[in-house]
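A.B. asks: Sharing a structure, written as structure tokens. Questions coming.
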Amino acid sequence: AQERLGKEGKLALFFVELDGIAHKFGLDSSEYKSYFSRLNGWVNDLYDKFKSIYPDGHIAVLSDHGMSEVKRIVHLDLEKEFSSSGGEHYAYFLDTTMLRIWYFDPEVKNALESFLSNRDYGRLLTDQERVEFGITNKEWADSIFLLNEGCVFDPSFLEKGHPLAMHGYHPELSWQKGIFLYSGPKSFIPQNPISALRSHDMLKEILSGGKS
């Protein structure tokens with residue numbers, strides 16, 4: 001990457017390994033800490049090299065999410081609590097941090113939502129939250145049950161076993177937030193937190209040379 005910096009005015013780099021290491025080994029592991037230290041060194045080296053070639057260049061460093069330590073395993077067996085989901089009354093999908101349900105029977109909807117409302121490991125998203133997150137389409141789900149931070153479903157429809165660290169919880173939680181760092185000639189009003197939509201607009205402005 002450093003060799004390409006002198007040949008190309010624009011360069012996008014993606015470091016994806018840290019996510020998998022966190023899932024597999026956890027945030028307090030030597031594997032995670034070692035790779036994080038190496039990654040920090042790479043970013044600093046690239047920053048110094050880029051600025052030496054392009055003193056007025058733009059640098060943006062961002063992540064798409066944070067990560068939380070897994071502290072509780074949740075085993076949810078809807079078929080045991082209710083009837084089989086086999087297409088007549090309801091259908092559901094269970095991933096690591098979220099349960100989504102589609103109802104074909106109003107009575108089952110009331111019973112399931114009542115059951116889920118009394119769980120201490122998560123909660124149903126409100127209609128207002130779904131509007132804010134842009135997930136109002138019922139094809140996504142009639143009900144969305146989101147686990148509390150640090151909880152994971154095991155088993156889920158995605159995997160057997162569970163990660164030692166996880167993301168995909170409520171986006172307002174501090175450990176779920178990513179980062180957006182910028183260095184360059186443009187002047188942006190500092191924002192904390194900064195929304196993903198605003199980050200997207202800022203990147204467009206940087207890449208367009210100031211034209212939004």
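A.B. asks: I need the semi-axes of the equivalent ellipsoid of the range 68-176: take the C-alpha gyration tensor, multiply each eigenvalue by 5, square-root it, list largest first in whole angstrom.
C.D. replies: Listed largest to smallest, the semi-axes of the range 68-176 are 22, 18, 12 Å.
A.B. asks: A further question on this structure: When ligands, DNA and RNA are left out and all protein chains stay put, how many square angstrom of accessible area per residue does the chain have with a 1.4 Å probe?
C.D. replies: For the chain, the per-residue accessible area is 64 Å².
A.B. asks: Separate question: Roughly how big is the range 148-205's charge dipole about its Cα centre, with Cβ charges of +1 (Lys, Arg) and -1 (Asp, Glu), in debye to the nearest 20?
C.D. replies: About 240 debye.
A.B. asks: Using +1 on the beta carbon of Lys and Arg, -1 on that of Asp and Glu, and nothing else charged, what's the dipole of the chain about the Cα centre, debye to 20?
C.D. replies: My answer is approximately 940 debye.
A.B. asks: Run through every distinct alpha carbon pair of the chain and return the Kirkwood hydrodynamic radius in angstroms, one decimal place.
C.D. replies: 20.2 Å
A.B. asks: In the structure displayed, which of LYS10/LYS186; LYS49/LYS177; LYS138/LYS160 lie more than 24 Å apart, Cα to Cα?
C.D. replies: Beyond 24 Å between Cα atoms: LYS49/LYS177; LYS138/LYS160.
A.B. asks: Same structure, new question: Which length gain, in nm to one decimal place, applies between ALA111 and PHE15 when the Cα-Cα distance is subtracted from 0.36 nm times their residue separation?
C.D. replies: Extending this stretch completely gives an extra 30.1 nm.
A.B. asks: Out of residues 5 or more away from SER143 or on other chains, whose amide H comes under 5 Å of its own, with H placed 1.01 Å from N in the peptide plane?
C.D. replies: ILE101
A.B. asks: Moving on to the next point. Hey, can you rank 185-194, 159-168 by average C-beta count inside 10 Å, highest first?
C.D. replies: 159-168, 185-194
A.B. asks: Whenever you get a sec, compute what percent of the accessible area on the range 138-212 sits on carbon and sulfur atoms (1.4 Å probe).
C.D. replies: Taking all protein chains in place, the range 138-212 shows 58 percent carbon and sulfur surface.
A.B. asks: Ignoring ligands, DNA and RNA, what percent of the 1.4 Å accessible area of the range 7-127 is carbon and sulfur?
C.D. replies: 51 percent
A.B. asks: Right, another one. What is the pair-distance distribution P(r) of the range 114-156, computed from all Cα-Cα distances in 5 Å bins starting at 0, with each bin given as a whole percent?
C.D. replies: Calculated P(r), rounded to whole percents: 5, 19, 27, 23, 21, 5.
A.B. asks: log10 I(q)/I(0), Debye, Cα-only the range 122-212, no solvent, q = 0.23 Å⁻¹?
C.D. replies: Cα-only, vacuum Debye calculation for the range 122-212: -1.20.
The values are calculated or read from the model by the stated rules, or taken from the named source; none is laboratory data. This is a predicted model, so every value here is computed, not measured. In this analysis, Cβ positions are derived from the backbone assuming ideal geometry, glycine residues included, and neighbour counts consider all displayed protein chains. All accessible areas refer to the heavy atoms of the entire protein, side chains included, with ligands and DNA or RNA removed. Shrake-Rupley method; radii C 1.70, N 1.55, O 1.52, S 1.80 Å.
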